[in-house]
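Participant: Let me give you the structure first, and then I'll get to my questions.
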Amino acid sequence: MNRIKDKRIVLGVTGSIAAYKASSLCSMLIKQGAKVTVVMTDNATNFVNPITFETLTGEKCLVDTFDRNFKYSVEHVQLAKEADLLVVAPASANMIAKAAHGLADDMLSTTILACDCPKLFAPAMNTRMYQNPITQDNLATLEKYGMKVITPGSGRLACGDEGEGKLPEPEVLFEHIVLALTEKKLAGKKVLVTAGPTREKIDPVRFISNNSSGKMGYSLAKVAAGMGARVTLVSGITALSQPVGVERIDVESAADMAEAVKSRADEQDIIIKAAAVADYTPSRVYDEKVKKSAEEFSIPLDRTEDILGYLGSHRREDQFLCGFSMETENVIENSKAKLTKKNVDMIVANDLRTPGAGFKGDTNVVTIITKDETKALPLMDKEDVAYHILSEISELMSGECEDKVEEVSEPVVEPKSFEEISVEQESLITEEIVETKEEAPVAEEETVAQKTVVSEDEITEPQKTVEEKIGEAVAAAIDGIKNFFEEEPEETVLEETTAEETKAEETEEDAEPEFFDEESTEGEAATEDKENESFFDEEFYDEDPVDSQEEEKDATDADGADQDSEFFKDNFEGEVFF
Ligand SMILES: Cc1cc2nc3c(=O)[nH]c(=O)nc-3n(C[C@H](O)[C@H](O)[C@H](O)COP(=O)(O)O)c2cc1C
């Protein structure tokens, strides 16, 4: 389930040596179908040329607030209205300070101030600049006003210093963006997910375990967090890194896992058991390494605790319980039996023998079984499987979910957290989707999550690009002004013309041109070395020195003046027309 497709993302890039990473991020977003508008500070153009971003996005890269080669009515305002998310990556100390104090003296800071969508800041700077109490206060101020600050990484910086201030890798920034854009269907819910294998010790060096990589459980935890839940991940030993926004409890054996889950179970709204827990454990653990001998050696095994069984018989009435079932035969039959036997609401079954399903890979093929239906999902990425499962759960619990969403939608006087703002925005969408869903006929085999997407598309306006919408607005304004000078009744003419224009435009097909070659966008991050090398040696910041470019930002402006701006220039220079 692509959660960022067609979202309008404003990517702000500031004057940091880490600016080159923004081009990889931009490329990732575009490949996933997001509509990205890049706004650079003048200083940022010393590090990466706007042409890089223009090539990646197929859109003008905005730098100058007073650029007359415009398409938007008032660009920063129009852009702010369109944006689903604003991300500043890298965010310089300077831009953080400006945003924290409401300064609006360039295109990016003005856009930040004008945007009321969720905002992410990814600071990148020298450790001393980052740790400076002034910067820390500024970051706290951003958070106070509901903006989300992505904690920078630590490591060796380009200046040679070691410490905090490193811009996270584009993949991590991408994850934060997906999270921020995910519908908050589980807002207010507490979710516990178990993941990974357990290890049952034989002696200090040997254990019994299984092939679980933990990827399915980690995907569930990550996506649940993205959907607004407070997530606890009880994890066996895996090689996976902690998902963003999730509390992780590390365990080793089945007994540890049982203890960790049982002690937290009561407070959870949803429990999903995706871990591969050992059914048997050695009856005794040897204190010393067992020596090999000529004799046969056997290990007596005891049954481990059935955690799902325990949860089913001790569950809170309003709690949702989901178990995973890994079978090699009679998958559906055996899984359905579990549903009743263990008193759970959902079993997600997978057949180890199906290609693409099961333990180690990034994909899975599952069947979601509830008491009323059995849904077989096709082969898909584990994160997508997670999204389907969680959407299904939220649908089944929907009465309660809506209550929660309404709660947080109440107007509040206190500055809101980033999560709250996201929830409010998403709740509007969720309500509309629910209504549309009733009308929209959906193929039986489609899952809830698929239905959601179909419906969401239906409730949005006919597909028009930002450029088209802006084109309409500009055309309408030109006509209005022309009519004004021809002494026709001003307001009526302007309104009528606008409506006609809009209607005419709406019937046109979406003809957004493809400006970039998907394949060729890879590796665009590298920029040419020019003059500033000496700075990198002596000075700043992020880990990898990157080359800077000659400033060419005005070249496109000079050539590209379109007819509309010429028309304004010739006829109405000095007029205030918007
Ligand atoms: C080579 C070089 C690297 C820099 N890297 C950073 C950086 O990573 N973070 C930062 O906050 N400032 C950095 N600076 C300083 C900023 O570019 C400077 O504060 C500038 O005013 C920021 O402008 P902006 O916020 O409008 O982009 C660097 C400067 C130079 C010359």
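The values are calculated or read from the model by the stated rules, or taken from the named source; none is laboratory data. Please read all numbers here as calculations on a predicted model, not as lab measurements. Cβ sites come from the backbone with ideal geometry, for glycine too, and all protein chains shown count toward neighbours.
Participant: Kindly check whether there is at least one residue in region 114-127 that is part of a helix (DSSP H, G or I), farther than 30 Å from residue 224 by Cα, away from the ligand (no atom under 16 Å from the Cβ) and not assigned by TED's automatic domain parsing to the domain that holds residue 238.
Facilitator: Checked against the condition, which is being part of a helix (DSSP H, G or I), farther than 30 Å from residue 224 by Cα, away from the ligand (no atom under 16 Å from the Cβ) and not assigned by TED's automatic domain parsing to the domain that holds residue 238, region 114-127 yields at least one hit.
Participant: Looking only at region 217-239, which residues are crowded, with 24+ Cβ neighbours inside 10 Å and closer than 21 Å to residue 200 by Cα?
Facilitator: Once the filter is applied, which keeps residues that are crowded, with 24+ Cβ neighbours inside 10 Å and closer than 21 Å to residue 200 by Cα, region 217-239 yields 217, 233, 234, 235, 236.
Participant: I would also like to ask the following. Do you know which residues across region 274-324 are surrounded by 14 or more Cβ atoms within 10 Å (Cβ to Cβ) and part of a helix (DSSP H, G or I)?
Facilitator: 307, 308, 309, 310, 311, 312
Participant: Right, here's the next one. Just to be sure before I move on: is residue 141 surrounded by 23 or more Cβ atoms within 10 Å (Cβ to Cβ) and in contact (Cβ under 8 Å) with a residue 24 or more places away in the chain in the structure I sent?
Facilitator: Judged against the criteria, residue 141 is not a match.
Participant: Can you tell me how many residues within region 149-166 are within 13 Å of the ligand (Cβ to nearest atom) and under 8 Å from residue 123 (Cβ atoms)?
Facilitator: Total meeting the criteria: 2.
Participant: When you scan region 169-180, do you find a residue that is within 16 Å of the ligand (Cβ to nearest atom) and either at pLDDT below 90 or outside any loop (DSSP other than H, G, I, E, B) (or both), even just one?
Facilitator: Scanning region 169-180 turns up at least one residue that is within 16 Å of the ligand (Cβ to nearest atom) and either at pLDDT below 90 or outside any loop (DSSP other than H, G, I, E, B) (or both).
Participant: Related question: Of a type in the set (S, T, N, Q), away from the ligand (no atom under 16 Å from the Cβ), part of a loop (DSSP other than H, G, I, E, B) and over 18 Å from residue 147 (Cβ atoms) - does that describe any residue in region 31-50?
Facilitator: Checking region 31-50: at least one residue is of a type in the set (S, T, N, Q), away from the ligand (no atom under 16 Å from the Cβ), part of a loop (DSSP other than H, G, I, E, B) and over 18 Å from residue 147 (Cβ atoms).
Participant: Based on what the data block shows, is residue 26 over 19 Å from residue 171 (Cα atoms) and surrounded by 23 or more Cβ atoms within 10 Å (Cβ to Cβ)?
Facilitator: So residue 26 does not fit the description; no.
Participant: Please go through region 11-30 and give me each residue that is at pLDDT 95 or above and within 15 Å of the ligand (Cβ to nearest atom), ordered by number.
Facilitator: Selection gives 11, 12, 13, 14, 15, 16, 18, 19, 20, 21, 22.
Participant: Oh, and also: Report whether or not residue 154 is part of a loop (DSSP other than H, G, I, E, B) and among the polar types (S, T, N, Q).
Facilitator: Spelling it out, it is not the case that residue 154 is part of a loop (DSSP other than H, G, I, E, B) and among the polar types (S, T, N, Q).
Participant: Continuing with the same structure: Going by the conditions given, is residue 233 in contact (Cβ under 8 Å) with a residue 24 or more places away in the chain and not assigned by TED's automatic domain parsing to the domain that holds residue 31?
Facilitator: yes
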